[in-house]
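Down below is the structure, laid out as structure tokens.
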Amino acid sequence: MPRCLLVTNRLPLTFDENSNEFIPSAGGLISSLKGLNSKQVGFDFEWIAPTTQIYPYESGLPGHPVLIPKDIYQSYYNGFCNKVLWPLFHYERSTIAQDISGWENYKKVNSIIADEIIKKANFDDTVWIHDFHFFLIPELLKQKRPDLKVGFFLHIPFPSSEIFRELPQRKEILNSLIQCDLIGFHDLSYLNHFKRSVSRILGEECPVVYKRNWGVYPISIDTDHFIELAERDLTRQYLCSFQKTKKEMKWILGVDRLDHIKGLLQKLYTFESFLRKYPEQIGNVQLIQIVVPSRSDIFEYQTLKQEVEQLVSRINGEFGTPGKMPVHYIFNHICSAELSALYQISEVMHIASSRDGMNLVGLEYVASQNCNHPGTLLLSEFTGAHSTLSYAISINPWNIDETAEKIHDALSRPIEIRQHEMQEMKSFLMNYTSSHWAKLFLDDLNEFTSNKRLSQVPNEENFFPWMSELKNKKILLFCDFDGTLAPLHPTPAKVSLLEETKKVLSDITMNKKIDFVVVSGRDQNFLQDLFTKNNYHFSLAACHGAYSYLPDSQEWEHLIPHDSTNWKENIIEVFKLYTTRTPGSFYEDKGYAIAWHFRNSPEEFADFVANKLFVELEEALSSIPAQVTRGKKIIEVKSLHACKGHFVQHYLERREYLPEVVIAIGDDTSDEDMFEYLQNNASVKTFCIKVGEEKTNAKYSLKDQSKVDSLLLNILMNS
Ligand code: GDG
């Protein structure tokens, strides 16, 4: 079975120095992952996690603890993970506390764990990184071990780009995450926020925007485990004892880690409002609130504890009667059998999180219900679970009054409705468990990586394997200009060839076996000035192939009908209008095409305007023989006749000799016509190479323009 290394902040077992034995680790992430069934998922799992404890023995542990010095761990975990990333990603900006060394130690721990993975991982292993503790590992791994399949799953929300862009380390984090082969989120809104952040912070042209290697995979639980737990003897014993104390009382249950994001204060205010609105319920309804101690060494958490406890005593002071306190508050961890009994016996479960990646407590409550006499789930709309548990009663925890009324509705909900709702949710969880979740993610990861391998992105020393097939062959090479032979420049008129490129082109000119054709959207004058006047004896195609120039004839030939540009005047008017509205933008008349450039404009505004323009042009051109395309910070309208695909067809048909190999290189959307035509029609061996990592028809791709010189050099050397 293939192996998957799970990288988490904790191993599933923690060594308890008091009892001298291993105990289950806490937290939702671990509780889901440890339920993964290797056979169902199709992987053997091994865990890697940082630790500050020297484990007495490693064998028998389902994973590898990586020892981190205590002070470094403390600063990484509390200083950066919990005091910066956690509150920012949960929209709790008031509790952020920047710690100067936190980020440095975060980098250190990520790098130590990455080194450990590199040591442990075999060729072709899958590495699945979990959560915000390890944002930097993907890049560290890909630098040293490009063979590894690397997936990342975020267990917490990804915040709106408005919030995320406040993070000083935003670029480092995104630049690392986009190295992953697959990035997963619980909810579509988190994915949308991530995409928006990537395009705002790294730019629209960032590869991940095109690669689309992301997905929404809401986590689940080990449902069978909770069903079985509900039936255990110990659970039944707890149930019996609760029934005795509860009697006719109705219980509203809350189970939350002590954390600002869990909405504990809102929940208590809501319960207070409920008692005020429905005084007849005083003495009949009790809130059982389990608060699990957490991050107790952080000041903000200590303050929250005090606030929660003050509110509990205020409510109990005001509404309590001898022997009956409305809020039963427990600040402790309880055992799983006791938790299961509480899930089963409580009429209502109240989840009030202000933000929560998923919230497994809601799923566990559903899985533990007996569908003959089930309870009701009140679930905050700010949890990821809200999309999965569609039959829960949805609440906005900030709307205290409305939620108080919903508690009242939940307590009096008719049994048939409860049965139906719970049945629907429970059967969903029986078919969609944490193992299904992991399988979906890992299968997609596998698919993404195998697709990528097909496109064979080469490294510099080892170019495409087909290079050996070029020896002594007559090669016809079509090559685009802007973004391919020359790097893009904010002002198109200033683009020129780099010295290195000039050298390679001179060698190509001397090589009689290569027929080199520059196929560009530029006009005749520009191309002739640049190439012919510099003594490169190349064929040229200007205006996307509307004009052709052969070095022997030294004349431009017009290849397409003269009336191909009747539409131009109207379109120029539209472009003028948009140019006036958009600072830094300008339009360029290319003869058979007009291009609107917005590379120098304020990014977000220009993207917005460009989308609008694109839609407007598509409508306007529906009955005109012209086509609108969107390239890199450019919108272009061009005659349908002026197309690189038509040009290469024409060129191939009229050559007196037949080339033995055809190669086409280009970075722009306009090059796709050329790739498509050649790959489908050329009767000789054809190799099409896209420059850049965007989606393409070409079979091969190069990372970026800087690799083109070496590609040409390799073609020369191998020819
Ligand atoms: C992160 C995200 C996301 C709690 N109290 C006791 C106890 N628990 C168990 C629950 C549940 C787990 O802890 C809590 O899970 P959550 O999902 O609510 O929360 P986080 O730990 O913050 O987890 C979260 C999750 O990752 C998974 O992706 O859902 O949004 O923040 O399993 O049962 N267990 C026992 N006694 C307790 O007192 N035995």
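The values are calculated or read from the model by the stated rules, or taken from the named source; none is laboratory data. This structure is a prediction, so every number in the text was calculated from the model and none was measured. Methodologically, a virtual Cβ is constructed for each residue, glycine included, from the backbone with ideal geometry; neighbour enumeration extends over all protein chains shown. The protein model used for the area step is the full one, side chains on, heavy atoms only, and it has no ligands, DNA or RNA in it. Shrake-Rupley method; radii C 1.70, N 1.55, O 1.52, S 1.80 Å.
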I'm checking my understanding of the structure. Among residues of segment 142-162 that are in a loop (DSSP other than H, G, I, E, B) and of a type in the set (A, V, I, L, M), which one is farthest from the ligand (Cβ to nearest atom)? Leu148
Residue hits (segment 697-719; more than 17 Å from Asp482 (Cα to Cα) and not in a helix (DSSP H, G or I)) are Asn697, Ala698, Lys699, Tyr700, Ser719
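Where in segment 320-417 are there helices (runs of 4 or more DSSP H), lying wholly inside it, with at least 2 residues that are touching a residue at least 60 places away in the same chain (Cβ under 8 Å), touching a Gly at 6+ places or on another chain (Cβ under 7 Å) and under 27 Å from Gln237 (Cα atoms)? Show your work before the answer.
Working: elements: 336-345, 360-368, 385-388, 400-411.
In segment 320-417, there are no helices (runs of 4 or more DSSP H) which contain 2 or more residues that are touching a residue at least 60 places away in the same chain (Cβ under 8 Å), touching a Gly at 6+ places or on another chain (Cβ under 7 Å) and under 27 Å from Gln237 (Cα atoms).
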Kindly indicate whether Pro50 is open to solvent by less than 40 Å² (accessible area, probe 1.4 Å), out of contact with any Asp or Glu (no Cβ under 8 Å at 6 or more places or on another chain) and not assigned by TED's automatic domain parsing to the domain that holds Ile298. yes
Among the residues of segment 536-561, how many are over 25 Å from Met510 (Cα atoms) and assigned to a loop (DSSP other than H, G, I, E, B)? 4
Here are some residues: Glu619, Glu676, Glu653. Which one is outside the structural domain of Thr491 (by TED's automatic domain parsing), part of a helix (DSSP H, G or I) and surrounded by fewer than 20 Cβ atoms within 10 Å (Cβ to Cβ)? Glu619
Do we find a residue being open to solvent by 40 Å² or more (accessible area, probe 1.4 Å) and under 21 Å from Val255 (Cβ atoms) anywhere in segment 284-294? yes
Single residue of segment 223-263 satisfying the filter (of a type in the set (A, V, I, L, M) and either outside the structural domain of Asn284 (by TED's automatic domain parsing) or within 15 Å of the ligand (Cβ to nearest atom) (or both)) that is surrounded by the fewest Cβ atoms within 10 Å (Cβ to Cβ): Leu234
Examine segment 163-183 for a residue that is surrounded by 20 or more Cβ atoms within 10 Å (Cβ to Cβ), within 15 Å of the ligand (Cβ to nearest atom) and closer than 30 Å to Gln369 by Cβ, and state whether such a residue exists. no
Hey, among Tyr592, Tyr547, which residue is of a type in the set (Ser, Thr, Tyr), under 24 Å from His641 (Cβ atoms) and open to solvent by 40 Å² or more (accessible area, probe 1.4 Å)? Tyr547
Sole miss for Leu378 among (1) closer than 21 Å to Met249 by Cβ; (2) modelled with pLDDT of 95 or more; (3) loosely packed, with under 14 Cβ neighbours inside 10 Å is condition (3)
Scan segment 295-324 residue by residue and report those that are closer than 26 Å to Ile345 by Cα and within 16 Å of the ligand (Cβ to nearest atom). Val308
Would segment 101-120 turn up any residue that is within 16 Å of the ligand (Cβ to nearest atom), within 26 Å of Ser434 (Cα to Cα) and at pLDDT 95 or above? no
If we scan segment 347-366, do we find a residue that is open to solvent by less than 60 Å² (accessible area, probe 1.4 Å), farther than 30 Å from Leu154 by Cα, within 15 Å of the ligand (Cβ to nearest atom) and over 32 Å from the mean Cα position of the chain (by Cα)? no
Take the conditions open to solvent by less than 40 Å² (accessible area, probe 1.4 Å), more than 29 Å from Ile514 (Cβ to Cβ) and not in a loop (DSSP other than H, G, I, E, B) and apply them to Val637. Does it pass? yes
Scope segment 470-500; condition open to solvent by 80 Å² or more (accessible area, probe 1.4 Å) and assigned to a helix (DSSP H, G or I); matching residues: Ala493, Lys494, Glu499, Glu500
Whichever residue in segment 17-47 is within 16 Å of the ligand (Cβ to nearest atom) and open to solvent by 80 Å² or more (accessible area, probe 1.4 Å) and, among such residues, is modelled with the lowest pLDDT: Pro24
